[in-house]
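Just passing along the structure, written as structure tokens.
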Amino acid sequence: MIEISPKVLELRQRLEAFMEAHVYPNEARFYAEAEKLGPWAVYPVVEELKPKAREQGLWNLFLPESELGAGLTNFEYAPLCEVMGRSHLAPEVFNCSAPDTGNMEVLARYASAELQEHWLKPLLAGEIRSCFAMTEPAVASSDATNIEASIVRDGDDYVINGRKWYTTNATDPRCKICIFMGKTDPLNPDRHKQQSMILVPMDTQGVKVIRPIAVFGFYGVPDRASEVLFENVRVPAANMLLGEGRGFEIAQGRLGPGRIHHCMRLIGLSERALETLCRRGMARVAFGKRVVDHGVWSERIAESRIAIDQARLLTMEAAWMMDRVGNKGARTQIAMIKVAAPAMACKVIDWAIQAYGGGGTNNDVGLASAYATARLLRLADGPDEVHRQQIARLELGKYRAPSHAVA
């Protein structure tokens, strides 16, 4: 049984009350503003709700064991992340949305005091937003060692060149800082020490946000995916994070918690979809009886319940392991949830769309954007195939030592 501490239980109850009072009633407005204003704009409903969340102490809950946030472990934050995941509107309202969460963790762990003062403080205050530039259109970025963008030392500066895409948030007018991953030492025989991460202010000469990228036809919801060109961008050498050649080290520190967040949000989204499926199926009559009374729907509802609970338990185990043995020690569990949770969510949301009928495809009830999110996350932070390969490699590693087992 998963034991939730009184502190987390109280936070969860407050989150749920805020969601009922402020988030769910404003979802239709949120989607309408995203569609009308587009990915280059600030959505007023989000800015209106942020102060309310902050006033109620529901702010920066994500930073694990940090005086900058709520001081929660990954295991403690996970059930709160599930609640926020029930709505695309919610995470940013609580200043707990990607990629800002991961970027703030990177800045808190690896940036100098000066950089933290300049960039981390306004991010924690929700005054600005940020982006993370890693994926490139010209290479298979599922293998991040393929990255071709360059970071070249020139005196007291670094000069940056590269084309990135699926750079979340770059079209947001509040996006002021980018964490950029590129190669500082492309000839290093250790392919995982060729890359570095550096901070690039978005108003630096040579940074050009080329276009927003639709995710299954959605611009700005659920993701402000963007393509960005960096041409001879010059930034101070002091903007280098941790040191040259340590980009992968930073990435592993960043992506572990992020994968927990993604998976728990998907579990919340799947719970919402299952609720929609059940309510719709109980309210509609087809061929003389309620939709849910047709045999196939009993099967699908039961399978959804099983799959959601399996994914939750697996994700909570991964969070528990991370708190005790770190990201590296929990890498098998992290890889497993990154495969299991999006696949589960795709299936449950697809069944909810099917139960809802044609209306489920037009996003009136948020199912279309929910499916877009789930399908996107089979690719984001590493595609399923990469995680399966890692799981298999780690499993096979158990049997490399001599064994006395009978063949």
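Look through GLY85, GLY69 and report the one residue that is at pLDDT below 95 and either crowded, with 19+ Cβ neighbours inside 10 Å or charged (D, E, K, R) (or both).
Going through GLY85, GLY69 in turn, the sole match is GLY69.
Hey, any hits in region 238-251 for a residue that's among the charged types (D, E, K, R), without any contact (Cβ under 8 Å) to a residue 12 or more places away in the chain and either farther than 28 Å from SER304 by Cβ or in contact with a Cys (Cβ under 8 Å, 6 or more places away or on another chain) (or both)?
yes
State whether the residues of region 263-280 include one that is without any contact (Cβ under 8 Å) to a residue 12 or more places away in the chain, under 30 Å from GLU16 (Cβ atoms) and surrounded by fewer than 21 Cβ atoms within 10 Å (Cβ to Cβ). Steps first, please.
The first filter runs over region 263-280 and keeps only residues without any contact (Cβ under 8 Å) to a residue 12 or more places away in the chain, leaving 275, 279.
With under 30 Å from GLU16 (Cβ atoms) added as a condition, the list becomes 275, 279.
Restricting the remaining residues to those that are surrounded by fewer than 21 Cβ atoms within 10 Å (Cβ to Cβ) gives 275, 279.
For region 263-280, residues without any contact (Cβ under 8 Å) to a residue 12 or more places away in the chain, under 30 Å from GLU16 (Cβ atoms) and surrounded by fewer than 21 Cβ atoms within 10 Å (Cβ to Cβ): present.
If you don't mind, there's one more thing I want to ask. Given ALA355, ALA340, which one is touching a Phe, Trp or Tyr at 6+ places or on another chain (Cβ under 9 Å) and either crowded, with 23+ Cβ neighbours inside 10 Å or assigned to a helix (DSSP H, G or I) (or both)?
Only one candidate passes the filter, namely ALA355.
Counting just the residues of region 105-136 that are under 17 Å from the mean Cα position of the chain (by Cα) and of a type in the set (S, T, N, Q), which one comes out farthest from ALA34 (Cα to Cα)?
The residue in question is THR135.
Any residue at all in region 382-399 that's in contact (Cβ under 8 Å) with a residue 60 or more places away in the chain, closer than 24 Å to PRO222 by Cα and of a type in the set (A, V, I, L, M)?
Checking region 382-399: at least one residue is in contact (Cβ under 8 Å) with a residue 60 or more places away in the chain, closer than 24 Å to PRO222 by Cα and of a type in the set (A, V, I, L, M).
Test GLY102 against the criterion of being within 29 Å of MET181 (Cα to Cα), of a type outside the set (Asp, Glu) and under 19 Å from the mean Cα position of the chain (by Cα), and give yes or no.
In short, yes.
Quick test of your reading of the structure: SER130 fulfils all but one of (1) among the polar types (S, T, N, Q); (2) in contact with a strand residue (DSSP E or B) (Cβ under 7 Å, 6 or more places away or on another chain); (3) part of a loop (DSSP other than H, G, I, E, B). Name the failing condition by number.
(3)
On to the next question. Any idea which of GLU303, GLU275, GLU249, GLU271 is modelled with pLDDT under 95, charged (D, E, K, R) and assigned to a helix (DSSP H, G or I)?
GLU249
Taking the condition of being surrounded by 14 or more Cβ atoms within 10 Å (Cβ to Cβ) and more than 22 Å from ARG211 (Cα to Cα), how many residues in region 29-51 meet it?
Of the residues in region 29-51, 5 are surrounded by 14 or more Cβ atoms within 10 Å (Cβ to Cβ) and more than 22 Å from ARG211 (Cα to Cα).
When you check SER196 against the structure, is it in contact (Cβ under 8 Å) with a residue 60 or more places away in the chain, within 23 Å of the chain's Cα centre (by Cα) and surrounded by 23 or more Cβ atoms within 10 Å (Cβ to Cβ), yes or no?
no
Turning to a different aspect of this structure: Within region 182-193, is even one residue of a type in the set (A, V, I, L, M) and closer than 18 Å to GLY243 by Cβ?
yes
The values are calculated or read from the model by the stated rules, or taken from the named source; none is laboratory data. If you're wondering where the values come from, they're calculated on a predicted model, not measured in any experiment. Note that each Cβ is placed from the backbone with ideal geometry, even for glycine, and that neighbours are counted across all protein chains shown.
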